[in-house]
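Notes follow once the structure below has been shown.
The values are calculated or read from the model by the stated rules, or taken from the named source; none is laboratory data. All figures in this text were calculated on a predicted structure; none of them were measured in a lab. Positions of Cβ are backbone-derived with ideal geometry, glycine not excepted, and every protein chain shown enters the neighbour counts. Areas reflect the complete protein model, heavy atoms only, side chains present, ligands, DNA and RNA absent. Shrake-Rupley method; radii C 1.70, N 1.55, O 1.52, S 1.80 Å.
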Amino acid sequence: MFVQRFSATRRGARLARRLAAHHLDLWHLPYGGTASDTVALVVAELAANAVLHGRVPGRDFELRLGYDRSAGVVRVEVSDTHPGRPGLCGTAARGPADAEGGRGLLVVAAVAARWGVDDRLGPGKTVWAECAVPVLPDPRPVYPLRG
């Protein structure tokens, strides 16, 4: 499990993505691999949403990463203190088709196995996504038992 709070700024969102990729590498999901790139994209989109739409002045957002090695799943959770809940909207509702933004959750829905929004303790919500990654053997060495 990796948990870190970040300032609700563009710099905080960028740092969240970079630290997520670093932590995935520590979990043997290397930089530049499909799994790492997918999870980093999800972190980037959810962190950007927390900064752009979930920002409350003076409050940070929190990133949580969990890795279930045996199931081949990385769970990304981004929590902020804004009460508004996101949802998928068609591009027509967000603006013109050539607009630069408004599709973050569509991207998350396309690359994640599943995603959702949950209440959290205190104000705000947690937006989460689960990404399928390769099932890897446990990297810890196995020592034979001696009798």
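Computed quantities for the displayed model
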| read-out | value |
| --- | --- |
| Subset of the range 10-42 (residues that are touching a helix residue (DSSP H, G or I) at 6+ places or on another chain (Cβ under 6 Å) and among the hydroxyl-bearing types (Ser, Thr, Tyr)) | TYR31, SER36, THR38 |
| Qualifying residue in the range 65-77 (condition: in a helix (DSSP H, G or I), in contact with a Lys or Arg (Cβ under 7 Å, 6 or more places away or on another chain) and under 20 Å from LEU106 (Cα atoms)) | no |
| Count of the range 24-44 residues which are at pLDDT 95 or above and touching a Leu at 6+ places or on another chain (Cβ under 7 Å) | 4 |
| Odd one out for GLY32 among (1) open to solvent by 40 Å² or more (accessible area, probe 1.4 Å); (2) within 17 Å of VAL108 (Cβ to Cβ); (3) out of contact with any Ser or Thr (no Cβ under 9 Å at 6 or more places or on another chain) | (2) |
| Qualifying residue in the range 72-81 (condition: free of Cβ contacts under 8 Å to residues at least 24 places away in the same chain, on the phi < 0 side of the Ramachandran plot and open to solvent by 50 Å² or more (accessible area, probe 1.4 Å)) | no |
| Among residues of the range 50-71, those that are open to solvent by 40 Å² or more (accessible area, probe 1.4 Å) and under 21 Å from ALA113 (Cβ atoms), counted | 6 |
| Filtered residues of the range 82-102 (kept if open to solvent by 70 Å² or more (accessible area, probe 1.4 Å) and modelled with pLDDT of 65 or more) | PRO83, ARG85 |
| Scan of the range 1-19 for residues that are basic (Lys, Arg) and in contact (Cβ under 8 Å) with a residue 40 or more places away in the chain, ordered by number | ARG5, ARG10 |
| Subset of the range 103-123 that is in contact (Cβ under 8 Å) with a residue 24 or more places away in the chain and open to solvent by less than 20 Å² (accessible area, probe 1.4 Å) - its residue that is nearest to ASP25 (Cα to Cα) | ALA112 |
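So that you can scan it fast, the table gives a plain yes or no per residue for (1) in contact (Cβ under 8 Å) with a residue 12 or more places away in the chain; (2) in a strand (DSSP E or B); (3) over 17 Å from CYS131 (Cα atoms); (4) open to solvent by 80 Å² or more (accessible area, probe 1.4 Å):
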{"residue": "ALA21", "(1), (2), (3), (4)": "yes, no, no, no"}
{"residue": "ASP25", "(1), (2), (3), (4)": "no, no, no, no"}
{"residue": "ASP37", "(1), (2), (3), (4)": "no, no, no, yes"}
{"residue": "LEU41", "(1), (2), (3), (4)": "yes, no, no, no"}
{"residue": "ALA47", "(1), (2), (3), (4)": "yes, no, no, no"}
